[in-house]
Structure formats: C-alpha cells, structure tokens
Amino acid sequence: MSAEGEFTLSAAPMAGLDDETALRLLRDGHLEVEGRLVEASNMTLYCSVRLGGLSAACVYKPVRGERPLWDFPDGTLAAREVAAFEVSAATGWRIVPPTVYRDGPFGPGMCQMWIDADPDADLMVLIRSRQPSLRRMAVFDAVVNNADRKGGHLLPLPGGHVHGVDHGVCFATENKLRTVLWQWRGKPLSREAVNVLARLERDLEQGGLGRRLRELLTSSEVEATGERIRRLLDTGLHPLPSQDWPAIPWPPI
C-alpha cells in the first residue's frame, strides 16, 4: 500500500506488534485522521492511533462513508470487514490484518492496521503464482464468500506472507465468489486446509467464532458461512467458478 503524493505517512507501521496488542491499540487508542485514500470507492481514511507509548498507522472506514450497494444492506460493510478478520484469526493464517469495530472522528466504523506491502512485488506475477499463502487465501475467500478479491487487495510482504484487505462485500447468503485466485479450481484441498476447515466448523458451531459472527452478521449469513465450510469439507475440493455470476472482479487489479 502506498499513498505517495496524497499525504505524508507519519504514523509508525505495525511492525513488532502482536495481534493482541494491535487489537487493543486499535480498539482503545486515540484515532487521528491524517489523510484520505482518494481512489477507494468508500470513504477510507489513513490515521494514526496512539495508546500510552504505542503508536501505529491504520485505516479507518466510517459507516457513514459507505456507498450504497444493490446487493448488500446499507451500513453493513464495516461489520463485514471485522467478521472477515474474525474468520481469518480463527484459521490461524493471519490473512486479514488486525481489525476492530469502533467509534471514530466520523462515527462508528472499522479500523484496521495499515500494512506496508513490498514495493518491489509484481502483483501480476503474484496473482498467477501458486504460493501457499495464496492457496490459503483462496480457501479463506471461499469460506467468507468474497465477492471482490482483486489483485490490488493483496499486500505481499518481503518475507513471502501475503495479507488480504477490503472485505466489505463478503458473507452474502447467495454465491458471489469473485476472485483472481482460481489457480486451484477443482483441485483437492490440502491436508492443512481440511484440518483448518474442520476446526472452523467446530468453532462456528460450538466455540466463540459463532458468537462473534452473530454480533456482526445476520443469522442467515452465519448459517450460510457454516454451509460453505461443510460443502468444502464434503467435496474436499477448491470451488469451481460460478456459471451464474462473473468469476473475476473488474478491474482485476
């Protein structure tokens, strides 16, 4: 991610913060708006967040800045972003950066740690690759029913890990999976993915994940998430592109 030419990045990045500390900082810290990502379709504000001696850069998306969509209820995108983080955290794959729902200078919204992606990474090469981190993300996207996995929503780090951001259009009850990561379509899921999905199913039905998601999504959306997990486990395969819905978002980057 870069905002060169739009505003100065003066806040410290996430480096060195564990997830628990990052979440506490995001939830309880003082949020100060420093700029706006003007290319984002919804209001997306670059902020600093400070708590005690800790500081970091973050993204704040207030609900009041969301553009209405025909296929998602108004005012729900921020909660969906937080729900995506909850699923990501439950997988242990750390796909979505730490994200919370909180009040801010423009009202309630989602607040997410800013990630400085590798400036030398070639996204066109990345989205065609078969990196294990991307294969995990393809499974994650199938679980959350991500309708907008563009290449620009991938944040590769120098060490090889890849974060994913912009999950406001996830968790629809009907199939809306649109992604640039179709390399594994119809292929068997990895053993790791099967184990993670089985754990997710238990956490959704009996653990804390189901409770947390019900605070952010409708009951039908939580139930549909469980159905997608069970379908993946029953087939043992990465999903195929839908014949009824565009399979790749536009623009793909």
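Couple of notes before you dig in:
- Rounded tilt (10° steps) of 77-91 against the dominant C-alpha axis of the chain: 60
- Among the trypsin sites (Lys or Arg not before Pro) in the range 166-253, those placed in a DSSP loop whose Cβ has at most 16 other Cβ atoms within 10 Å are Arg185.
- GNM flexibility winner over the chain from Leu200, Leu181, Leu157 (Cα, springs under 10 Å): Leu157
- Peptides 100-108, 237-245 ordered by average Cβ neighbours within 10 Å, highest first: 100-108, 237-245
- Rounded tilt (10° steps) of 19-28 against the dominant C-alpha axis of the chain: 50
- For the residues Leu23, Leu51, Leu197, a GNM of the chain with alpha-carbon springs under 10 Å puts the largest fluctuation on Leu51.
- Of all DSSP-defined beta bridges confined to the chain, some 95% are antiparallel rather than parallel.
- Here the gap between Arg231 and Glu192, fully extended at 0.36 nm per residue and compared with their Cα-Cα distance, gives a gain of 12.4 nm.
- Rounded to 10°, Cα long-axis angle of helix 132-144 versus longest principal axis of the chain: 80
- Most mobile of Gln206, Gln112, Gln183 in a GNM of the chain (Cα contacts under 10 Å): Gln206
- For the range 84-128, the fraction of alpha-carbon pairs lying more than 15 Å apart is 61 percent, rounded to a whole number.
- Label-point separation, Leu157 to Arg64 (7 Å along Cα→Cβ), nm: 3.5
Read-outs throughout are calculated quantities, based only on the coordinates presented, and are distinct from any laboratory measurement. Just so you know, these numbers come straight off a predicted model, no measurement behind them. All Cβ positions, glycine included, derive from the backbone under ideal geometry; neighbour counts span all protein chains shown.
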